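Written below as structure tokens is the structure these notes are about.
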Number of protein chains: 2
Amino acid sequence: MSGLIQIIGNDGGTWLAADGPEAGIVFSSRVRLARNLVSMLFASKAAPGEQKTVVAAVKSGVQKCPSLGQLAFIDFSRLNKREKRFLMEGYCISREMAAGDGKRAVFLSPDRELSIMINEEDHIRVQSILPGFQLREAWQRTNTVDDELGERMDFAFSDKWGFLTACPTNVGTGLRASVMVHLPGLIMTREIASAVQTVSRLRCTVRGIHGEGTDITGDFFQISNQATLGQDEEGLVGNVQRIASELVAQEKRARGVLLERHKMQVEDRVGRALGILGRARMLGLEETMSLLSALRLGVCLGLVSRYPITLINQLMIQVQPAHLELSSGREIEPGTLDGVRADVVQEALARR
Amino acid sequence: MSGLIQIIGNDGGTWLAADGPEAGIVFSSRVRLARNLVSMLFASKAAPGEQKTVVAAVKSGVQKCPSLGQLAFIDFSRLNKREKRFLMEGYCISREMAAGDGKRAVFLSPDRELSIMINEEDHIRVQSILPGFQLREAWQRTNTVDDELGERMDFAFSDKWGFLTACPTNVGTGLRASVMVHLPGLIMTREIASAVQTVSRLRCTVRGIHGEGTDITGDFFQISNQATLGQDEEGLVGNVQRIASELVAQEKRARGVLLERHKMQVEDRVGRALGILGRARMLGLEETMSLLSALRLGVCLGLVSRYPITLINQLMIQVQPAHLELSSGREIEPGTLDGVRADVVQEALARR
């Protein structure tokens, strides 16, 4: 068994086991803060020795914080590619963190709601992720951790610019607030393009489920603030909160229209998804995400009552390749991954 | 309720309720003989009055044959378009018979295995259709009927050419022997093109399920003799029999290869078909035929044990548009036909 699985388990993240406010439309809310230690080179410029010093300094700082005693320390030099991907698939770390090199580590809370990445792009990235629409709560958590850490280490800060970061797009607050929304209704009513356009005009960005440069999969969109400068943290979080609320309202309207005018088409899509998920012997990742999206819509609209939304949320993570491999406890040949995925889906659906 | 349904019922043809030899691959075997009355114009050249005379003459002749007393007489002037299509969908009459104009009628046996069309392209077309691979039996039946009719009326016959027919491609024996085969294996192993080429070289034609000019649907192919001249009836039937036997052997080999080397792919196709057939709320005709084809393959390969092959054969007829309308006993709006089809499929599948 993977050492990582021994540390954090393979249930796909306990925060996924609960639903939150507006769970039918909002998958998760996330806030991350970028911080760097004063008088140290940024991670990408630092030699391995200096990177190690950063890891040691942050590790020592975190371990001194009374509220962070529960966090597990995971040294990336002891993880293989698959284990890093596993953490990324479960939203414990960023895609950049999973893909990059260098001396890296992450602190992770047992419920996986809180993580502190060390030597990602910045020395420190504090992330809080929560199920459903809980953006302010996520912000409060990162803020508390930031305060605690700030008492124990010196962050690079300029009176003119605010917090200094490796990439200028993060300078200032270093804050990225994002909400992952499920918008099958706006897609089916063909209103999604104008909705996305509106979001972009309001200083927010729309991305795929794993952030910048990733595809929109299964009708999921990540909405986050464009700028980190020029507004305080409350303002930035509030803006994303407002825009996400508006999208939630639009999606609700769209779903209402679907139920009223195209109920049979929706039932057809949901029924086919359930039929294929339950009977296919091989399921590709992209197809599975699209089918789970349809099933999720069916659950939210009350067309399918057998499955709770949290089961589908967990499945969305469990069908990812590294989760399939680490959960099965064995190396899976590329040609047979789709078969293993179908088995996992069918076992989960049959259990209820 | 339609008058036609009152006469012949709506169970899709009783011959479909039985399977025959090689039922896993051969859907049906059919022989038809074209005959014309001497000294009468061919149907397409005849005025309505003369067409009527032909109907009366054939009707009187058939009714004098002791073995044909059970046949129902159906006057086409009393059928609407939908009822004609219903007969065509159930293989009781040809596509040309359903589509054409003029004074027409058909005699039909209660089990729908025997039909005598009047004023199709020729004055008389005797057809025998049987489930599975029973081409010689079908030939014997048409031959017996031909003998009986020949004793009671004069057929146009030339010593040089044999039986005279409206279209020169039928002159001679007036015989068309055809076998409808289900070849999903040869399609999945990509051997179908060369198999079809071989058939064509051996003086046989490959057509869709409703004969000339119709599409190949659901992996079903109709194999029939090209020429009706130059060989006696036994020889013509024997040739189609041999070629169909060879195709059956090839399809068996292909299915063996699939099971041995691509079992999971086949199970996937069959499972998905079952999942969609069982859960979709709307099913188009072409998609349904393709899904039923996959399910039929699954039944034949022992991957699905719940459904007998005859259920699937009957469904292939029952999902056709005129069958859906006449069975439901009401006019179905075009936009809702796919929904009715899904209901019919699911009711049939749930019954077992």
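Conditions tested, residue by residue: (1) open to solvent by 20 Å² or more (accessible area, probe 1.4 Å); (2) assigned by TED's automatic domain parsing to the domain that holds B:Gly235; (3) more than 16 Å from the chain's Cα centre (by Cα); (4) modelled with pLDDT of 95 or more.
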site	(1), (2), (3), (4)
B:Glu137	yes, yes, no, yes
B:Lys160	yes, yes, yes, no
B:Thr173	no, yes, yes, no
B:Gly185	no, yes, yes, yes
B:Ile192	yes, yes, yes, no
B:Ala195	no, yes, yes, no
B:Val199	no, yes, yes, no
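Here B:Val240, B:Val248, B:Val257, B:Val270 are screened, and the one residue that is part of a helix (DSSP H, G or I) and in contact with a Leu (Cβ under 6 Å, 6 or more places away or on another chain) is B:Val270. Is it true that A:Glu22 is touching a Phe, Trp or Tyr at 6+ places or on another chain (Cβ under 9 Å) and either crowded, with 19+ Cβ neighbours inside 10 Å or in contact (Cβ under 8 Å) with a residue 24 or more places away in the chain (or both)? When the stated conditions are applied, A:Glu22 passes them. Would you be able to tell me the number of residues in segment A:253-266 that are over 29 Å from the mean Cα position of the chain (by Cα) and within 14 Å of chain B (Cβ to nearest Cβ)? Residues meeting the conditions: 6. Checked against (1) within 30 Å of A:Ser328 (Cα to Cα); (2) modelled with pLDDT under 95, A:Ser44 passes all but a single condition, namely (1).
Any idea which of A:Gln346, A:Gln250, A:Gln314, A:Gln320 is touching a residue at least 60 places away in the same chain (Cβ under 8 Å) and within 14 Å of another protein chain (Cβ to nearest Cβ)? Break it down into steps so the answer makes sense when it comes.
Details: A:Gln250 fails: within 14 Å of another protein chain (Cβ to nearest Cβ); A:Gln314 fails: within 14 Å of another protein chain (Cβ to nearest Cβ); A:Gln320 fails: within 14 Å of another protein chain (Cβ to nearest Cβ).
None of the others qualify; the one that does is A:Gln346.
The set of residues in segment B:76-91 that are in contact with a strand residue (DSSP E or B) (Cβ under 9 Å, 6 or more places away or on another chain) and open to solvent by 60 Å² or more (accessible area, probe 1.4 Å) contains only B:Ser77. Restricting segment A:203-216 to residues that are over 21 Å from A:Ala99 (Cβ atoms) and at pLDDT 85 or above leaves a set whose member that is most open to solvent (accessible area, probe 1.4 Å) is A:Val206.
Whenever a residue of segment B:205-234 is closer than 19 Å to B:Ile93 by Cα, its partners that are modelled with pLDDT of 85 or more and open to solvent by 60 Å² or more (accessible area, probe 1.4 Å), lying with C-beta atoms within less than 6 angstrom and at least six residues away or across chains, give the pairs B:His210/B:Arg95; B:Gly211/B:Arg95. Across segment A:69-85, the number of residues qualifying as over 21 Å from the mean Cα position of the chain (by Cα) and touching a residue at least 60 places away in the same chain (Cβ under 8 Å) comes to 1.
Here is a check on your reading of the model: is A:Glu148 modelled with pLDDT of 95 or more, more than 24 Å from A:Leu37 (Cβ to Cβ), open to solvent by 20 Å² or more (accessible area, probe 1.4 Å) and touching a Leu at 6+ places or on another chain (Cβ under 8 Å)? Walk me through it before giving the result.
Numbers: modelled with pLDDT of 95 or more: yes; more than 24 Å from A:Leu37 (Cβ to Cβ): no; open to solvent by 20 Å² or more (accessible area, probe 1.4 Å): yes; touching a Leu at 6+ places or on another chain (Cβ under 8 Å): yes.
Judged against the criteria, A:Glu148 is not a match.
Got at least one residue in segment B:92-108 being buried (at least 20 other Cβ atoms within 10 Å of the Cβ), farther than 23 Å from B:Glu331 by Cα and of a type in the set (Gly, Ala, Ser)? Checking segment B:92-108: at least one residue is buried (at least 20 other Cβ atoms within 10 Å of the Cβ), farther than 23 Å from B:Glu331 by Cα and of a type in the set (Gly, Ala, Ser).
Only one of the listed residues (A:Val270, A:Val266) is modelled with pLDDT of 95 or more, open to solvent by less than 50 Å² (accessible area, probe 1.4 Å) and more than 28 Å from A:Thr14 (Cα to Cα). That residue is A:Val266.
Take the residues in segment A:217-233 that are acidic (Asp, Glu) and either open to solvent by 30 Å² or more (accessible area, probe 1.4 Å) or in contact with a Phe, Trp or Tyr (Cβ under 9 Å, 6 or more places away or on another chain) (or both); name whichever of them is farthest from A:Leu186 (Cα to Cα). Steps first, please.
Going through segment A:217-233, the residues acidic (Asp, Glu) turn out to be A:219, A:232-233.
Those still in the list that are either open to solvent by 30 Å² or more (accessible area, probe 1.4 Å) or in contact with a Phe, Trp or Tyr (Cβ under 9 Å, 6 or more places away or on another chain) (or both) too: A:232-233.
Details: A:Asp232: 31, A:Glu233: 30 Å.
Once the filter is applied, the top-ranked residue is A:Asp232.
So which helices (runs of 4 or more DSSP H) stay within segment B:45-136 end to end and still have 3 or more residues that are of a type outside the set (A, V, I, L, M) and farther than 30 Å from B:Ile223 by Cβ? Quick ask: steps written out before the conclusion?
Numbers: elements: B:48-64, B:81-89, B:95-99.
Once the helices (runs of 4 or more DSSP H) in segment B:45-136 are filtered for at least 3 residues that are of a type outside the set (A, V, I, L, M) and farther than 30 Å from B:Ile223 by Cβ, what remains is B:48-64.
Quick check: is even one residue across segment A:331-338 touching a helix residue (DSSP H, G or I) at 6+ places or on another chain (Cβ under 9 Å), within 24 Å of A:Lys81 (Cα to Cα) and in contact (Cβ under 8 Å) with a residue 40 or more places away in the chain? Yes, because at least one residue in segment A:331-338 is touching a helix residue (DSSP H, G or I) at 6+ places or on another chain (Cβ under 9 Å), within 24 Å of A:Lys81 (Cα to Cα) and in contact (Cβ under 8 Å) with a residue 40 or more places away in the chain. Entry remark, segment A:296-352: residues being open to solvent by 50 Å² or more (accessible area, probe 1.4 Å), modelled with pLDDT of 95 or more, in a helix (DSSP H, G or I) and not acidic (Asp, Glu) number 0 in total.
Screening segment B:273-295 for residues that are closer than 18 Å to B:Ile25 by Cα and open to solvent by 10 Å² or more (accessible area, probe 1.4 Å) and picking the one that is farthest from the other protein chains (Cβ to nearest Cβ) gives B:Ser290.
Look at B:Ile276 and say whether it is part of a helix (DSSP H, G or I), β-branched (Val, Ile, Thr) and assigned by TED's automatic domain parsing to the domain that holds B:Arg201. I'd like the intermediate steps shown before the answer.
On the way: part of a helix (DSSP H, G or I): yes; β-branched (Val, Ile, Thr): yes; assigned by TED's automatic domain parsing to the domain that holds B:Arg201: no.
Taking the combined requirement at face value, the residue does not satisfy it.
The values are calculated or read from the model by the stated rules, or taken from the named source; none is laboratory data. Treat the numbers as computed from the prediction; the structure is a model and nothing was measured. Counting neighbours? That spans all protein chains shown, and the Cβs are built from the backbone with ideal geometry, glycine included. Just the protein is used for accessible areas: all its heavy atoms, side chains included, with ligands, DNA and RNA removed. Shrake-Rupley method; radii C 1.70, N 1.55, O 1.52, S 1.80 Å.
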